[in-house]
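**Q** Below is the structure I would like to discuss, written out as structure tokens.
Just so it is clear, none of the values below were taken in a lab; they were calculated from the coordinates. These numbers come from a predicted model, not from an experiment. Glycine also receives a Cβ, built like all others from the backbone with ideal geometry; neighbour counts cover every protein chain displayed.
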Amino acid sequence: MGRELTEQELHNLAMNIVGRELEADGFEFMAINSKLKKNPQYVCLKEKVLHFIVVRNVEFPLNPREYDPELMQTVKDHAEKFEAKTYFAGVGLWNASDRTEPLYLDQEYVVDYQGLIEI
């Protein structure tokens, strides 16, 4: 069995999943921040509108559609100074063979990502 993925690696994986989708949806990346606890993760431009996107890796059994309202309000207050829209992107990442087990390097995993949630 490989080693367990670190919190930063899980965060990067979640960011890659969201980033690929944003790119496919025509978002232009203005700034990317992959450091843990630094928000937002993505500042993007689409149709001349700025978008602040907070990405979170969400571990089983938590719901990737649920977010911390206090954190998101702080980001939204900041975004409004730039006339930007604010979104939450929760990505559930689970061990494919057993959801209660952590993710290991080079093992299959399940992704539960249902798109951006506007705040």
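**Q** Determine the gain in length on full extension of the stretch R20-E80; use 0.36 nm per residue of separation and subtract their C-alpha separation, reporting nm with one decimal.
**A** Additional length available on full extension: 19.1 nm.
**Q** While we're on this one: Can you tally the net charge around L36? Count Lys and Arg as +1, Asp and Glu as -1, for every other residue whose Cβ sits under 12 Å from the Cβ of L36.
**A** Charge balance in the 12 Å sphere: +2.
**Q** What FRET efficiency comes out for D98 versus E66 if R0 is 25 angstrom and r is the Cβ-Cβ distance? Round to the nearest 0.05.
**A** FRET efficiency, D98 to E66: 0.65.
**Q** Could I ask something else about it? Can you tell which of H78, H11, H51 shows the greatest fluctuation in a Gaussian network model of the chain with Cα springs below 10 Å?
**A** Comparing H78, H11, H51 in a Gaussian network model of the chain, the most mobile one is H78.
**Q** Of all the Cα-Cα pairs you can form in the chain, what percent are over 17 Å apart?
**A** Working: 3846 of 7021 pairs.
For the chain, the fraction of Cα-Cα distances above 17 Å is 55 percent.
**Q** If you average the sequence gap of Cα pairs under 8 Å that are 6 or more apart and divide by the length of the chain, what percent do you get for the contact order? Can you show the working numbers first?
**A** Numbers: 218 pairs, mean separation 30.2, N = 119.
It rounds to 25 percent for the chain.
**Q** Given points 7 Å out from each Cα along the Cα-Cβ axis, report the E4 to E59 separation in nanometres with one decimal.
**A** 0.7 nm
**Q** In debye to the nearest 20, how big a dipole does the chain give about its Cα centre with +1 on each Lys and Arg Cβ and -1 on each Asp and Glu Cβ? Display every interim value, and only then the final one.
**A** On the way: 13 positive and 21 negative charges, 81 e Å.
Rounded to the nearest 20 debye, it is 380 debye.
**Q** How many angstrom separate the Cα center of the range 53-92 from the Cα center of the range 5-44?
**A** Each part reduced to its Cα centre gives a spacing of 12 Å.
**Q** I need the calculated FRET efficiency for the pair E108 and S34, taking r as the beta carbon distance and R₀ as 25 Å, to the nearest 0.05.
**A** With R0 = 25 Å, the Cβ-Cβ based efficiency is 0.60.
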